[in-house]
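Novice: Could you have a look at this structure, given as structure tokens, before my questions?
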Amino acid sequence: MKLAGLIAAALVLAFPAAALPATALAKPLFAPWIDGTAASEPQMQVQRYDADTFVIRQSVKTDFEAPFLYLLFGKDRALLLDTGAGGLKVRPTVDGVIADWLAAHHRASIPLVVAHSHSHGDHTAGDPEFKDRPDTVVVGWTARDVATFFKIAAWPRDIVTFDLGGRALTVIPAPGHHPSHIMIFDPKTRLLLSGDSLYPGRLYVPLNLFTDYRDSIDRVAGFTKDRHVSHILGAHIEMTATSGKDYPQAAPAHPNEHVLELPYSDLLELQAALHRMGDSVARDVHDDFIVSPVPPRPPDPPSSKPGG
């Protein structure tokens, strides 16, 4: 069987977006994710949100970060957000999903943009696999690189549109966790892809970037307040299904794992918590996430060479 067929056979179809109202989280949005509890599991798992939106998880058995990648298709190009934490090859899975999408649409090819929620290594390790891929652009790793590619004139204040062709994504600069961080709002699905800024886990915020982080959460909340976000999808799961309880750092398995999706109310809860802190930044435990201040980190370098 060809690779594309193997990938197609391995797809786990999620509940369609239209089947769940924005506030209905009683039933998980996706089927259970690979979580490291079985004796063996695939290195990557793909679930379909809709015909043009795919969520890919890297197995915790390949890297404890077990990050999520997002693959979105428009008429003119596709966007891959993040390339994983290393320890495996991600391109065969991505190429397999693209091949199946092309076959379903009776097309031979589609340009691919490889971008990142931010440039920490657990989101960029797979970049070298795409460096020489035909008809592919890999976005750079610094805030300047990101601003240049997406045509963000005044980083981080400007919010811009990036059109995949009939699917105009909104790119929202969100520095704080990392200087190059972005969030993406998709009007088609009303999904907010939040990277490491908000997910069911420990929200690491360097103390020297706390004000940037708070401003970014304000920016995202302000933009999305009237846009009826359906779900917030982040880049990791570090929380258990027990409210306020996370896994140990570098846990080798995630039994009883929290669902990936978060309700929009969690963004507002995070925003309020950050403002309550004022200048007294401290660890703050919530049902679905934990604000986790970390020591100051160095500023972003002026330029980068992804895949180099």
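The values are calculated or read from the model by the stated rules, or taken from the named source; none is laboratory data. Bear in mind the structure is a predicted one, so any value in this text is a computation, not a measurement. Here the Cβ is made from the backbone with ideal geometry for all residues, glycine too, and neighbour counts use every protein chain on show.
Novice: What is the one condition in (1) at pLDDT below 95; (2) touching a Phe, Trp or Tyr at 6+ places or on another chain (Cβ under 9 Å) that L260 does not satisfy?
Specialist: It is condition (1) that L260 fails.
For (1) closer than 29 Å to F54 by Cβ; (2) hydroxyl-bearing (S, T, Y), each residue gets a yes or a no:
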| position | (1), (2) |
| --- | --- |
| L203 | yes, no |
| S243 | no, yes |
| P252 | yes, no |
| D266 | yes, no |
| E269 | yes, no |
| P296 | no, no |
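Novice: Report yes if some residue within the stretch 132-139 is crowded, with 16+ Cβ neighbours inside 10 Å, more than 29 Å from D212 (Cβ to Cβ), among the charged types (D, E, K, R) and modelled with pLDDT of 95 or more; otherwise report no.
Specialist: No, because not a single residue in the stretch 132-139 is crowded, with 16+ Cβ neighbours inside 10 Å, more than 29 Å from D212 (Cβ to Cβ), among the charged types (D, E, K, R) and modelled with pLDDT of 95 or more.
Novice: Checking the condition surrounded by fewer than 19 Cβ atoms within 10 Å (Cβ to Cβ), aliphatic (A, V, I, L, M) and farther than 24 Å from R283 by Cα, which residue from V114, V146, V160 passes? Before you say what the answer is, go through the steps one by one.
Specialist: On the way: V114 fails: surrounded by fewer than 19 Cβ atoms within 10 Å (Cβ to Cβ); V146 fails: surrounded by fewer than 19 Cβ atoms within 10 Å (Cβ to Cβ).
The match here is V160.
Novice: May I pose another question? If a residue has to be farther than 20 Å from I34 by Cβ and within 14 Å of the chain's Cα centre (by Cα) to count, how many in the stretch 232-251 make the cut?
Specialist: Residues flagged as farther than 20 Å from I34 by Cβ and within 14 Å of the chain's Cα centre (by Cα) within the stretch 232-251 amount to 1.
Novice: Ok, one more. Among the residues of the stretch 127-151, how many are of a type in the set (V, I, T) and out of contact with any helix residue (DSSP H, G or I) (no Cβ under 7 Å at 6 or more places or on another chain)? Even if it seems obvious, please write down each step before you answer.
Specialist: At the first step, the residues of the stretch 127-151 found to be of a type in the set (V, I, T) are 136-139, 142, 146, 148.
Narrowing further to those that are out of contact with any helix residue (DSSP H, G or I) (no Cβ under 7 Å at 6 or more places or on another chain): 137, 142, 146, 148.
Matching residues across the stretch 127-151 total 4.
Novice: In the set R167, R133, R144, which member is closer than 17 Å to D300 by Cβ and either more than 19 Å from the chain's Cα centre (by Cα) or of a type in the set (D, E, K, R) (or both)?
Specialist: Numbers: R167 fails: closer than 17 Å to D300 by Cβ; R133 fails: closer than 17 Å to D300 by Cβ.
Of R167, R133, R144, the one residue that is closer than 17 Å to D300 by Cβ and either more than 19 Å from the chain's Cα centre (by Cα) or of a type in the set (D, E, K, R) (or both) is R144.
Novice: Within the stretch 243-259, is there a residue that is in contact with an Asp or Glu (Cβ under 8 Å, 6 or more places away or on another chain) and without any contact (Cβ under 8 Å) to a residue 24 or more places away in the chain?
Specialist: Scanning the stretch 243-259 turns up at least one residue that is in contact with an Asp or Glu (Cβ under 8 Å, 6 or more places away or on another chain) and without any contact (Cβ under 8 Å) to a residue 24 or more places away in the chain.
Novice: All but one of (1) surrounded by fewer than 23 Cβ atoms within 10 Å (Cβ to Cβ); (2) assigned to a strand (DSSP E or B) hold for T189; state the number of the condition that does not hold.
Specialist: (2)
Novice: Then there's this: Starting from the stretch 269-294, take each residue that is at pLDDT below 95 and list its partners that are loosely packed, with under 15 Cβ neighbours inside 10 Å and not hydroxyl-bearing (S, T, Y), counting only C-beta distances under 7 angstrom and pairs at least six apart or across chains.
Specialist: Taking only residues 6 or more apart or on different chains, the pairs are V281/L207.
Novice: Assess whether V114 counts as being modelled with pLDDT of 95 or more and farther than 15 Å from F73 by Cα. Spell out how you get there, then give the answer.
Specialist: Numbers: modelled with pLDDT of 95 or more: yes; farther than 15 Å from F73 by Cα: no.
Criteria not met by V114.
Novice: Check whether at least one residue in the stretch 212-227 is touching a Phe, Trp or Tyr at 6+ places or on another chain (Cβ under 9 Å) and buried (at least 22 other Cβ atoms within 10 Å of the Cβ), and report yes or no.
Specialist: Checked against the condition, which is being touching a Phe, Trp or Tyr at 6+ places or on another chain (Cβ under 9 Å) and buried (at least 22 other Cβ atoms within 10 Å of the Cβ), the stretch 212-227 yields at least one hit.
Novice: Quick check on the stretch 54-63. Is at least one of its residues more than 20 Å from G195 (Cα to Cα) and surrounded by fewer than 19 Cβ atoms within 10 Å (Cβ to Cβ)?
Specialist: First pass over the stretch 54-63, keeping only residues more than 20 Å from G195 (Cα to Cα): 61.
So of that shortlist, the ones also surrounded by fewer than 19 Cβ atoms within 10 Å (Cβ to Cβ) come out as none.
For the stretch 54-63, residues more than 20 Å from G195 (Cα to Cα) and surrounded by fewer than 19 Cβ atoms within 10 Å (Cβ to Cβ): absent.
Novice: State which residue pairs qualify: first residue outside any helix (DSSP H, G or I) and inside the stretch 120-131, second residue surrounded by fewer than 20 Cβ atoms within 10 Å (Cβ to Cβ) and modelled with pLDDT under 95 in any location, beta carbons under 7 Å apart, and separation of 6 or more residues or different chains.
Specialist: Qualifying pairs under 7 Å: K131/G307.
Novice: Inspect all residues belonging to the stretch 262-280 and state whether any of them is farther than 21 Å from S194 by Cα and within 19 Å of the chain's Cα centre (by Cα). Please lay out each step first, then the result.
Specialist: Going through the stretch 262-280, the residues farther than 21 Å from S194 by Cα turn out to be 276-280.
Remaining after also requiring within 19 Å of the chain's Cα centre (by Cα): none.
No: the stretch 262-280 contains no residue that is farther than 21 Å from S194 by Cα and within 19 Å of the chain's Cα centre (by Cα).
Novice: Next up: Starting from the stretch 206-221, keep only residues that are among the basic types (K, R), then list their pairs with residues that are assigned to a helix (DSSP H, G or I) whose Cβ atoms are within a distance under 9 Å, requiring at least 6 positions of separation or different chains.
Specialist: From the stretch 206-221, the pairs are R214/Q271; R214/L274; R214/H275; R214/M277.
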